[in-house]
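Below is one structure, written out as structure tokens, with a few remarks after it.
The values are calculated or read from the model by the stated rules, or taken from the named source; none is laboratory data. Being a predicted model, the structure only gives us computed values, none of them experimental. Counting neighbours? That spans all protein chains shown, and the Cβs are built from the backbone with ideal geometry, glycine included. Areas reflect the complete protein model, heavy atoms only, side chains present, ligands, DNA and RNA absent. Shrake-Rupley method; radii C 1.70, N 1.55, O 1.52, S 1.80 Å.
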Amino acid sequence: MSTEALSVKKEVSARYAEGAKERQEALCCPVDYDTSLLKILPQEIIERDYGCGDPSRYVREGDTVLDLGSGGGKICYMAAQIVGEQGHVIGVDMTDDMLALARQYQPEMADKLGGDRVDFRKGYIQDLALSVEAMENYLAESPVTNATSLQALEDWKKQQRSTAPLVDSESVDLVVSNCVLNLVAQEDRVQMLAEIFRVLKPGGRVAISDIVCDELVPQHLQNDPHLWSGCISGAFQEKEFIDAFLDAGFVGVGYDKWEADPWQVVEGIEFRSVTLTATKPAKTGLIDAGQAILYRGPFSVVADDLGNTFVRGERTAVSKRTYELLTSGDYADHFIGMQPATDINNGCFSKPAGTVRPASETKGGSHAGGGQEGGCC
């Protein structure tokens, strides 16, 4: 780990440790949270929360939710009310004081929720395979004193990531975060997004509330640890944020929330709150099941992140994977899915993007996303 990354981690941890003890107004934006979910939360957790959005709005019943940088547990305890008895919520944070605050109220919240469905774990969000608590226990028994013991630590960490990861691969339905990704050092961000991708199930979603800027942050601001821990100098540039998720393999990446007024302006650069959503595509389903997608409009033609193009009002042949993706989640309002009258499997999907599906191939089949029910007139 570089000196820069260590400096960032130290400053962030120290500042949020103070934030766990006494409210730090400079660390938060005004957020319109769902007040119905705040009623059962301890006031101390509400007061010691720092964020710029409400990703709990994207939680569904039955979800396994992972909150990155869970702090005092506010979003976790809000999400726990939505996921219900069949759901589960995991909070990951690196700051002992924040974890202590969140865990302090676990018995009380379990009573209110009717079950203990929230789990707080100590770790770095750029390395979701490594339990920091387990590493600290290892170091207490086997401190690093020379090159040999350092290598032993590295070997132990490698084994832990493989056999006892902090968060299992493909185990999470939704990853949320509230103004935390910008706190991670630049050199660790590719790994961070790869880890988010790893832990999500195929078809899993992300809802990331964070701060973006309209221009790239100059180096002299990035070198200020206090501005970094204050969610300023580590902010993603607005297109860079989307591109980072696309590069990690996500699809359907977009801004679901965009705050019109900037939160802060520093040296003419606007910093504002956004919420980014995205989906992890399935690895299977690349077969031709005779399905078609019709793009509703209003644009003449659109393209998705898998290389498919859709002309307004035209039945387009798609793979089973694309059909399932475009008829659910954020895509569903924009497309009509058309099934063949009988189940078929034409083998591996190999039609060029934009291939028209003749109406005869889906005639008599069901339509998904066709609008309000109730017949004509």
Margin query: Give me, ordered by chain and number, the residues 5 or more places off GLU314 or on other chains with an amide H under 5 Å from its own placed amide H.
Written below: TYR295
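Which trypsin sites (Lys or Arg not before Pro) in region 59-129 pass both tests, a DSSP loop state and at most 15 other beta-carbon atoms within 10 Å?
Values: sites: ARG60, LYS74, ARG103, LYS112, ARG117, ARG121, LYS122; in loops: ARG60, ARG117.
Those satisfying the criteria are ARG60.
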Item checked: Potential extension, ALA164-SER360 segment - 0.36 nm per residue separation minus Cα distance -> 65.3 nm
Next item on the list: From the C-alpha gyration tensor of region 221-377, pull out the three semi-axes of the equivalent ellipsoid (sqrt of 5λ each), sorted largest to smallest, in whole Å.
Entry: 40, 18, 12
Checklist line | Label point at ILE287 placed 7 Å out along Cα→Cβ; residues across region 324-368 whose backbone nitrogen lies under 12 Å | finding: 343-349
Check: On the accessible surface of the chain, probed at 1.4 Å, how many percent belong to carbon and sulfur atoms?
Finding: 49
Notebook entry, point to check: What does the charge count near ALA129 come to, summing +1 for each Lys or Arg and -1 for each Asp or Glu among other residues with Cβ under 12 Å from its Cβ?
Noted result: +2
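How high is the FRET efficiency between ARG60 and TRP258 when r is their beta carbon distance and R₀ equals 25 Å, given to the nearest 0.05? Walk me through the intermediate numbers first.
Working: r = 23 Å, r/R0 = 0.91.
For ARG60 and TRP258, the calculated efficiency is 0.65.
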Margin query: Can you pull out the trypsin sites (Lys or Arg not before Pro) in region 282-377 whose DSSP state is coil and whose Cβ has at most 16 other Cβ atoms within 10 Å?
Written below: LYS283, ARG296, LYS363
Next item on the list: Give the relative contact order (percent, whole number) for the chain; include only Cα pairs under 8 Å separated by 6+ residues.
Entry: 13
Check: Between region 262-310 and region 114-133, what's the alpha-carbon centroid distance in Å?
Finding: 30
Check: Which option, [x] 31.9; [y] 22.6; [z] 23.3, is the value of Kirkwood radius over Cα pairs in Å that was calculated from these coordinates?
Finding: [y]
Check: Past the 26 Å Cα-Cα mark, which pairs from LYS122/LYS257; LYS158/LYS201; LYS122/LYS283; LYS239/LYS280?
Finding: LYS122/LYS257; LYS122/LYS283
